[in-house]
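Engineer: I have a structure here, written as structure tokens, and I will follow up with some questions on it.
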Amino acid sequence: MSYFAKSMRYFIHLAYNGTRFCGWQIQPNAPSVQETIEQALTKLLGESYSIVGAGRTDSGVHASDYYAHFETEKSIDCKDIVYKLNRILPYDIVIFDIFLVHNDLHARFSAQKRTYTYTITTKKNPFNAETEYYYPAQLNIEKMNAACKYLLGTKDFTSFSKLHTDVNNNICTITEANWKQDGNKLIFRISANRFLRNMVRSIVGTLIDVGRGKIQIEDIDTIIQCKDRQKAGVSIPACGLSLCAIEYDFQ
């Protein structure tokens, strides 16, 4: 579509610390990132705005690289709006950029790949408690990485999904899954075309079971084949999880 359609679509590039929020999406009686930004935009531009996000993040989950879009018939000064939004918004949300896009580019449905990281620390640090999961037990990272190979590819990940979600299917294509050690931290990185609710946290919980020797490396494949959430590990706390990259074709 033309850039000069009556209603123009703008992308917002942002980041947030999810600790105080119920997640991205608006929920009754709880603060959300979406609602907070919508209220700020409405205050600045003088009319009500509805923002579409790249996807849900659960309560307490962070995003260091997130996109959303909104539409307006107004021609806006993006640089000025970014500056003013950052003055209005609370400390745990930052707007990096706002830019005009084609009207058929969608923050959620046009995303080609999403990447999450989950950070575990073996050394307690109260200053990082909101963004890392303190887990002092010894973990075998080599076994955890060996188990990751069973996650790769296009598969039904029902065993790692929250039950009774409103999606058509639980099939995802995972293109990257690995652990790296950085001092006292273990960082899990996973990329896919889409993720199910609680998927990353339940995968990490299951890989921790591998690292502790509670289950075997090849058990990951069996768990996937079972398509049974009760076969997988626990969903570990949200604090260590961050959406760190979303890819689009902006051409």
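The values are calculated or read from the model by the stated rules, or taken from the named source; none is laboratory data. Not measured: the values here are computed from a predicted model. No Cβ is skipped: glycine too gets one built from the backbone with ideal geometry, and neighbour counts run over all protein chains shown.
Engineer: Would you confirm, using the coordinates I've provided, whether Asn168 is within 25 Å of Lys227 (Cα to Cα), out of contact with any strand residue (DSSP E or B) (no Cβ under 7 Å at 6 or more places or on another chain) and without any contact (Cβ under 8 Å) to a residue 12 or more places away in the chain?
Structural biologist: yes
Engineer: Checking Lys180 against (1) without any contact (Cβ under 8 Å) to a residue 40 or more places away in the chain; (2) in a strand (DSSP E or B); (3) surrounded by 14 or more Cβ atoms within 10 Å (Cβ to Cβ), which single condition isn't satisfied?
Structural biologist: Here Lys180 clears every test but (3).
Engineer: Just name the residue that is farthest from Ile88 (Cα to Cα) out of those in region 1-16 that are under 19 Å from the mean Cα position of the chain (by Cα) and surrounded by 20 or more Cβ atoms within 10 Å (Cβ to Cβ).
Structural biologist: Out of the qualifying residues, it is Phe11.
Engineer: Here is a list of conditions, (1) assigned to a strand (DSSP E or B); (2) under 30 Å from Val101 (Cα atoms); (3) not aliphatic (A, V, I, L, M), and Phe188 meets all of them except one; can you say which number that is?
Structural biologist: (2)
Engineer: Quick one: would you say Arg56 is touching a residue at least 60 places away in the same chain (Cβ under 8 Å), more than 12 Å from the chain's Cα centre (by Cα) and outside any helix (DSSP H, G or I)?
Structural biologist: No, not satisfied.
Engineer: Same structure, new question: In a loop (DSSP other than H, G, I, E, B), farther than 30 Å from Pro237 by Cα and not β-branched (Val, Ile, Thr): which single residue out of Glu71, Glu47 fits that description?
Structural biologist: Every option except Glu47 fails the conditions.
Engineer: Sticking with this one: Let me spell it out: the conditions are (1) within 21 Å of Arg114 (Cα to Cα); (2) out of contact with any strand residue (DSSP E or B) (no Cβ under 6 Å at 6 or more places or on another chain), and Pro28 meets all of them except one. Which number is the exception?
Structural biologist: (1)
Engineer: Related question: In the list Ile217, Ile203, which residue meets the criterion of being surrounded by 13 or more Cβ atoms within 10 Å (Cβ to Cβ) and within 18 Å of the chain's Cα centre (by Cα)?
Structural biologist: Step by step, each of Ile217, Ile203 is checked, and only Ile203 is surrounded by 13 or more Cβ atoms within 10 Å (Cβ to Cβ) and within 18 Å of the chain's Cα centre (by Cα).
Engineer: Right, next: Give region 74-89 a look and list any residue that's surrounded by 14 or more Cβ atoms within 10 Å (Cβ to Cβ) and in a loop (DSSP other than H, G, I, E, B), or say none.
Structural biologist: Hits for region 74-89 are Ile76, Leu89.
Engineer: Okay, next question. Show the residue pairs that are 6+ apart or on different chains and have beta-carbon atoms under 7 Å apart, the first residue being within region 138-151 and outside the structural domain of Ser191 (by TED's automatic domain parsing), the second being surrounded by 20 or more Cβ atoms within 10 Å (Cβ to Cβ) and modelled with pLDDT of 95 or more.
Structural biologist: none
Engineer: I'd like the full set of residues that are loosely packed, with under 14 Cβ neighbours inside 10 Å, hydrophobic (A, V, I, L, M, F, W, C) and more than 22 Å from the chain's Cα centre (by Cα), limited to region 128-168.
Structural biologist: Answer for region 128-168, where residues must be loosely packed, with under 14 Cβ neighbours inside 10 Å, hydrophobic (A, V, I, L, M, F, W, C) and more than 22 Å from the chain's Cα centre (by Cα): just Ala137.
Engineer: Taking region 105-145 only, how many residues are more than 30 Å from Arg9 (Cα to Cα) and of a type in the set (Lys, Arg)?
Structural biologist: Qualifying residue count, region 105-145: 3.
Engineer: Also, I was wondering about something else. Out of Asp209, Asp156, Asp166, report the one residue that is acidic (Asp, Glu) and modelled with pLDDT under 95.
Structural biologist: Step by step, each of Asp209, Asp156, Asp166 is checked, and only Asp166 is acidic (Asp, Glu) and modelled with pLDDT under 95.
Engineer: Something else: Going residue by residue through region 20-31, is there one that turns out to be part of a helix (DSSP H, G or I), among the basic types (Lys, Arg) and not assigned by TED's automatic domain parsing to the domain that holds Arg201?
Structural biologist: No - not one qualifying residue is present in region 20-31.
Engineer: I would also like to ask the following. So in region 28-48, with the set limited to residues that are surrounded by 11 or more Cβ atoms within 10 Å (Cβ to Cβ) and charged (D, E, K, R), which one is nearest to Lys84 (Cα to Cα)?
Structural biologist: Lys43
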